[in-house]
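What follows is one structure encoded as structure tokens, with my remarks underneath.
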Amino acid sequence: MKRIIVIIFAFLFLISCKQEYIPRNIEKVTIKEYKIESTSIRAIQVIDSETVYFAGSNGNIGFTKNGGNSWEKTTIMYKDSIKPAFRSLALNKEDSFVLSVGNPALLYKITDNETELVYSEEHVKVFYDSMHFFDDNKHGIAVGDPTENCASIILTEDGGKTWNKISCNNLPVFEDGEAFFAASNTNIKTIGSTVWIASGGKKARVLKSDDFGKTWAIYNTPIIQGNGPQGIYSIDFADKNNGIVIGGDYSKPEENKANKAITIDGGKTWTLLADGENPNYKSCVQYVPNTDGKEVFAVGKTGISFSNNAGKTWKEVSKDGYYSIQFVDKNTAWLSGNNKIGKLLLK
């Protein structure tokens, strides 16, 4: 019994001695830029500092496995004449997947350089925006604009071999004019079996499921909303409770009113922060890993901004325009943009 008490006290002592993370003051970042000709790249998937995959316009997909020293790029053609515009990319342990935005929606599974069309959808309103796999690498989700009175959501439970669209009977009703943005492949966030999806347009709301997309709830946000280019463009969570959304008005990118908000209750309620202050419109927001949710980067065509207090205040650290950012670790990230990929270094 005495030994158990000693162990408990030792454990409590270790917890009490754990130092709070002290966030960094970053004034400027270093970005090494790589030209990827003839493709606008909205979606990247980072493996490590050496390996990143991308999907872009004109049917282009590719990767580097040597830190950007060389790049492989190939083109997927549909019916030998259509070059799909890819804005969604997802990887599990076995395969990679790319999904086109327009009509017809085309979802390809790529294994050892062999390409297989595993899902397609034809509809005048079809427009898919983002795709991700859950942590188990078996369940996956892709989201698109409504073709009826609900979001278009397709799911896989077998690692991407088959995909099925959820009936509107099992989804929240959308307002007329509410949709999503295919700006950075980051309006979906998954942790464990939980997924959040952020909308925009007529309404700027967050959909949430705790069971791999079987059942759903929807929550309001104070983000700017009301017409087409307004709303949430990106969402991220540091853990299951603490999250952030960012966006704004794409048609007025210099404005910064009601375009950033945080949650501390898993997405049920949201609070505006830095309202009327920079950064302005951004297409992607990401927490820096292993910084206790304090360090955050936001990127967009208006530049790159950094916060070291969970989004309360921000500094512009680069005027370079990018669509998306994804971290390898707390010191390294990859970015995607128009005809380019960047490697950001914080050391």
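Just so it is clear, none of the values below were taken in a lab; they were calculated from the coordinates. If you're wondering where the values come from, they're calculated on a predicted model, not measured in any experiment. Cβ: placed from backbone, ideal geometry, glycine included. Neighbour counts: every protein chain shown.
Computed quantities for the displayed model
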item: Rounded to whole Hz, the Karplus (6.51, -1.76, 1.60) HN-Hα couplings of segment 205-210, x for glycine and proline; result: 10, 10, 8, 9, 9, 9
item: Subset of 161/189; 79/330; 138/268 violating a 32 Å alpha-carbon distance limit; result: 79/330
item: Cleavage-rule hits (GluC sites (Glu not before Pro)) in segment 12-86: DSSP loop, at most 16 neighbouring Cβ within 10 angstrom; result: 20, 27, 50
item: Long pairs among 208/312; 35/315; 202/343; 83/347; 165/257, criterion Cα-Cα beyond 31 Å; result: 202/343; 83/347; 165/257
item: Built amide H within the under 5 Å cut-off of residue 260, gap 5+; result: 273
item: Amide H within-cut-off set for residue 86, under 5 Å, with H built and near neighbours excluded; result: 56, 57, 58, 59, 60
item: Förster-model FRET efficiency, 41 Å R0, residue 227 and residue 77, C-beta, rounded to 0.05; result: 0.70
item: Calculated from backbone phi, Karplus (6.51, -1.76, 1.60) coupling profile of segment 106-120 in Hz, x at Gly/Pro; result: 10, 10, 10, 9, 10, 10, 6, 6, 9, 10, 10, 7, 9, 7, 9
item: Listed residue (55, 81, 278) projecting farthest to the positive dipole end of the chain, Cβ model; result: 278
item: Rounded to whole Å, sorted largest first: equivalent-ellipsoid semi-axes of the chain, Cα gyration tensor; result: 31, 24, 23
item: Loop trypsin sites (Lys or Arg not before Pro), segment 200-252 (other Cβ atoms within 10 Å of the site Cβ: 15 or fewer; DSSP); result: 214, 240
item: Cα centroid of segment 81-148 to Cα centroid of segment 41-55, whole Å; result: 16
item: Distance between modelled label sites at residue 49 and residue 251, nm, 7 Å Cα→Cβ extension; result: 4.5
item: Label point 7 Å beyond Cα of residue 277 along Cβ direction - residues of segment 224-257 with amide nitrogen under 16 Å; result: 256-257
item: Those aspartates and glutamates that a straight Cα-Cα span of less than 17 Å connects to residue 319, excepting residues fewer than 8 apart in one chain; result: 27, 33, 254, 255, 277
item: ³J(HN,Hα) computed for each position of segment 182-194 - Karplus, 6.51 cos²θ - 1.76 cosθ + 1.60, integer Hz, glycine/proline x; result: 8, 8, 7, 6, 10, 8, 10, 9, 10, 9, x, 9, 9
